[in-house]
Amino acid sequence: MPAEIRKLIVQVDETRLEMGRAVTPPVRRALAMAVITNPFAGRYEDNLDALVAIGEELGGLLGDKCVAALGITPAQAEGYGKAAIVGEAGELEHAAAILHPKLGAPLRRAVEKGAALVPSAKKMGGMGCAIDVPLGHKDAAFVRSHFDAIEARVPDAPRANEIVVAVSVTAGGRPLPRVGGLQASEIEGKDGLR
C-alpha cells in the first residue's frame, strides 16, 4: 500500500553568521516532511507491514527532496536524521514501524553511503506539534561537529488520523564547531562509528 500523502513540505535552513562571525561556507540543512494518512488510525493491528513499506517509500522520497533542495550531489551530503509525529488516533509503534525497519536503506542511497545509524525521534502529538529531528554525521557517529537537531512542525498536522514523517539532510555540521572529537576529515568509514 503506497503512502497517502496529503502534503509535502521542503525547507532549507542556511546559517551565514554565528556570534558575529562569518560561517564560511554557510551551514545548510534541508528538512522534508510528508503528512500521511495513518492506515491503522483508530484500531489496533498486530501486523504493521503496511507502515514499514510506507517508511521505505518515504525514506527515498524525502531523502531525494532534501538533497535536491540543498543543490548538492548525494556524495556531498554530510549528515542526516529522521522523526515522526503520530496523531491521537494512532500509537507510538506506528512511528516506529515507519522509521526503523526500512526507511534507512533508501535514505542512505539518497545520500550515498550512510554507514552510521540514522538518528531518530518519535512522539504522539496534535496539529502544530513540533519535534526535533536529531542529526548526526552520515558515515561516522563519533563526529561531534555534526551532533545537532532541526525542528519539524506542520501547522495543520498531524490530524488525529495522520502521521508527520520528517527527514533531514545536511551539507555540513554545526556552525563554528570547536568541542573536539573525531573530525570529518579523519573518518575511516569502516564501522559507522569512526
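Bear in mind that the values in this text are calculations on the coordinates, not laboratory data. If you're wondering where the values come from, they're calculated on a predicted model, not measured in any experiment. Note that each Cβ is placed from the backbone with ideal geometry, even for glycine, and that neighbours are counted across all protein chains shown.
Could you pull out the residue among 87, 55, 128, 63 that is touching a residue at least 24 places away in the same chain (Cβ under 8 Å), farther than 21 Å from residue 159 by Cβ and either surrounded by 21 or more Cβ atoms within 10 Å (Cβ to Cβ) or not β-branched (Val, Ile, Thr) (or both)?
Being touching a residue at least 24 places away in the same chain (Cβ under 8 Å), farther than 21 Å from residue 159 by Cβ and either surrounded by 21 or more Cβ atoms within 10 Å (Cβ to Cβ) or not β-branched (Val, Ile, Thr) (or both) holds for just one of 87, 55, 128, 63, which is 63.
Out of 81, 114, 59, report the one residue that is assigned to a loop (DSSP other than H, G, I, E, B), within 28 Å of residue 175 (Cα to Cα) and touching a strand residue (DSSP E or B) at 6+ places or on another chain (Cβ under 8 Å).
Going through 81, 114, 59 in turn, just one is assigned to a loop (DSSP other than H, G, I, E, B), within 28 Å of residue 175 (Cα to Cα) and touching a strand residue (DSSP E or B) at 6+ places or on another chain (Cβ under 8 Å): 114.
For region 1-26, what are the residues that are of a type in the set (Val, Ile, Thr) and touching a Lys or Arg at 6+ places or on another chain (Cβ under 7 Å)?
Those that are of a type in the set (Val, Ile, Thr) and touching a Lys or Arg at 6+ places or on another chain (Cβ under 7 Å): 10, 12, 23.
Tell me yes or no: at least one residue of region 140-153 is crowded, with 18+ Cβ neighbours inside 10 Å and in contact with a helix residue (DSSP H, G or I) (Cβ under 6 Å, 6 or more places away or on another chain).
The answer is yes; a qualifying residue exists.
Only residues in region 172-183 that are in a loop (DSSP other than H, G, I, E, B) count as the first member; pair them with residues that are of a type outside the set (Lys, Arg) and exposed (fewer than 12 other Cβ atoms within 10 Å of the Cβ), Cβ under 8 angstrom, at least 6 apart or cross-chain, and list the lot.
Hits for this filter: 172/25; 176/19.
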